[in-house]
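*Asks:* Encoded as structure tokens, here's the structure I'll be asking about.
The values are calculated or read from the model by the stated rules, or taken from the named source; none is laboratory data. In this text, all values refer to a predicted model and were calculated from it rather than measured experimentally. In this analysis, Cβ positions are derived from the backbone assuming ideal geometry, glycine residues included, and neighbour counts consider all displayed protein chains.
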């Protein structure tokens, strides 16, 4: 059967990780702009000043005192400030994507370029024009933009002064922001994602040790407000342009029971319900799933519902399910089982899988399983894999070549898995591998953890020329797209 003729091959980026230009042309400061660099062994930090004037930093995702003020410190390194300078080099980068034959390019819009503090009455015209020029450049090469409206770049003002997504005012502010984008880019963009990895709000409880019950309850309320905001955006997007295809973007949580023990099987099912289906079901079906009541009870959660929240959720269901998929994990009820280690990796180690340098399992068959599960659960709803890839250390040779057979192998096996899923009957319409051009890692803040087909000469400390080089995987993916997945 193979891939359909109109399959959307492409790649994915995020504004805060690649754009740079963090304080130019009217852009406001985002929460991500006060996050330092890190590594697989050293966490990223959020920098702030206490009410007594003490300069402090907290591990990313850890709570910051409510009376503290976020601040950029001169002696700290913030890799997002420059990214890989897509802001000034987007024409060069898009030309390279076109050379590979991209059909779609997933990117995000920095909220702070449009509404610098998130609360302005009128949008920043310079920001709007920047993205309009990017979309026109993509259209010149017949590349469809797939635009994420909110991708981990909260305006710092809203986090600092409004309390972030715990404040229901953000639902209206986000809706206004989304409406602005739908109106401005009608005819230029038809594929949209509302909120990147929207379930990450509650995924974090698995990554932050000893998170308080109060903090966990707060995060469920944040997720509720995000879900309502997303649903409202879907409604508005359809009203403005009936051609818009608007999707969820959920962090893929998939895995296996560590053994055939019924306890492990049940624990794995519960993990999937809590961390993935709780969110995905609500976005696709328009209401919380039946097991949500148990999750709320276990975590002492009493959600604050607005008067029209249930109506909004019901009327704002998504047109497609999109998700990130990098690896799988195992669930075990045995406290002594060997754990998988690596940033953002939890659970027991799978003896049947290999692991990357950063502790991520390599499991293409897991992608096929996950696609089949989602296809059956959501009645053949269109799907895209919008993040997938291998972070690895690449070497720039003296002749300007980069040999990355490990990445080609990873991608090849996942392309095979997608083709098999299509043969299984899955309604898969597109694939955008993550970090198609090297960018700053969101999890570690590093440059050396590279995902791209295009090498960017930049180091962990910010040094480098920013020059672009084609990796071996560049030519491999070009052939893959040209042959529609047949020559891999």
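Okay, residues lined up against (1) touching a helix residue (DSSP H, G or I) at 6+ places or on another chain (Cβ under 7 Å); (2) farther than 24 Å from residue 360 by Cα:
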position	(1), (2)
215	no, yes
227	yes, yes
235	yes, yes
247	no, yes
262	no, yes
274	yes, no
312	yes, yes
329	no, no
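*Asks:* When you check residue 106 against the structure, is it surrounded by 17 or more Cβ atoms within 10 Å (Cβ to Cβ) and in contact with a strand residue (DSSP E or B) (Cβ under 6 Å, 6 or more places away or on another chain), yes or no? Lay out the reasoning, then the answer.
*Replies:* Values: surrounded by 17 or more Cβ atoms within 10 Å (Cβ to Cβ): yes; in contact with a strand residue (DSSP E or B) (Cβ under 6 Å, 6 or more places away or on another chain): yes.
It is true that residue 106 is surrounded by 17 or more Cβ atoms within 10 Å (Cβ to Cβ) and in contact with a strand residue (DSSP E or B) (Cβ under 6 Å, 6 or more places away or on another chain).
*Asks:* Follow-up question, since we're still on this one. Determine whether the stretch 122-143 contains at least one residue that is in contact with a strand residue (DSSP E or B) (Cβ under 9 Å, 6 or more places away or on another chain), assigned to a loop (DSSP other than H, G, I, E, B), modelled with pLDDT of 95 or more and surrounded by 22 or more Cβ atoms within 10 Å (Cβ to Cβ).
*Replies:* no
*Asks:* Out of the stretch 102-114, which residues are assigned to a loop (DSSP other than H, G, I, E, B) and over 14 Å from residue 454 (Cβ atoms)?
*Replies:* Within the stretch 102-114, the first condition is being assigned to a loop (DSSP other than H, G, I, E, B), and the residues that meet it are 102-103, 109-110.
Correct list: 103, 109, 110.
*Asks:* Before we move on, is residue 118 surrounded by 20 or more Cβ atoms within 10 Å (Cβ to Cβ), assigned to a loop (DSSP other than H, G, I, E, B), touching a residue at least 12 places away in the same chain (Cβ under 8 Å) and more than 20 Å from the chain's Cα centre (by Cα)? Walk me through it before giving the result.
*Replies:* Working: surrounded by 20 or more Cβ atoms within 10 Å (Cβ to Cβ): yes; assigned to a loop (DSSP other than H, G, I, E, B): yes; touching a residue at least 12 places away in the same chain (Cβ under 8 Å): yes; more than 20 Å from the chain's Cα centre (by Cα): yes.
Spelling it out, residue 118 is indeed surrounded by 20 or more Cβ atoms within 10 Å (Cβ to Cβ), assigned to a loop (DSSP other than H, G, I, E, B), touching a residue at least 12 places away in the same chain (Cβ under 8 Å) and more than 20 Å from the chain's Cα centre (by Cα).
*Asks:* Could you list all residues from the stretch 61-81 that are in contact with a helix residue (DSSP H, G or I) (Cβ under 7 Å, 6 or more places away or on another chain) and assigned to a helix (DSSP H, G or I)?
*Replies:* 80, 81, listed by residue number.
*Asks:* Do any helices (runs of 4 or more DSSP H) lying entirely in the stretch 239-353 carry at least 1 residues that are under 18 Å from the mean Cα position of the chain (by Cα) and surrounded by 22 or more Cβ atoms within 10 Å (Cβ to Cβ), and which ones are they? Reasoning before the result, please.
*Replies:* Working: elements: 262-272, 278-285, 292-298, 309-315.
Per the criteria, 278-285.
*Asks:* Would you be able to say whether some residue in the stretch 19-28 is surrounded by 21 or more Cβ atoms within 10 Å (Cβ to Cβ), closer than 21 Å to residue 324 by Cβ and at pLDDT 95 or above?
*Replies:* Start the filter on the stretch 19-28 by keeping residues that are surrounded by 21 or more Cβ atoms within 10 Å (Cβ to Cβ), which leaves 19-20, 22, 27-28.
Then drop every residue that is not closer than 21 Å to residue 324 by Cβ, which leaves 19.
Add one more test, that the residue is at pLDDT 95 or above, and what stays is 19.
Taking every residue of the stretch 19-28 in turn, at least one turns out to be surrounded by 21 or more Cβ atoms within 10 Å (Cβ to Cβ), closer than 21 Å to residue 324 by Cβ and at pLDDT 95 or above.
*Asks:* Within the stretch 82-98, is there a residue that is surrounded by 19 or more Cβ atoms within 10 Å (Cβ to Cβ), touching a helix residue (DSSP H, G or I) at 6+ places or on another chain (Cβ under 7 Å), in a loop (DSSP other than H, G, I, E, B) and touching a residue at least 24 places away in the same chain (Cβ under 8 Å)?
*Replies:* Scanning the stretch 82-98, I find at least one residue that is surrounded by 19 or more Cβ atoms within 10 Å (Cβ to Cβ), touching a helix residue (DSSP H, G or I) at 6+ places or on another chain (Cβ under 7 Å), in a loop (DSSP other than H, G, I, E, B) and touching a residue at least 24 places away in the same chain (Cβ under 8 Å), so the answer is yes.
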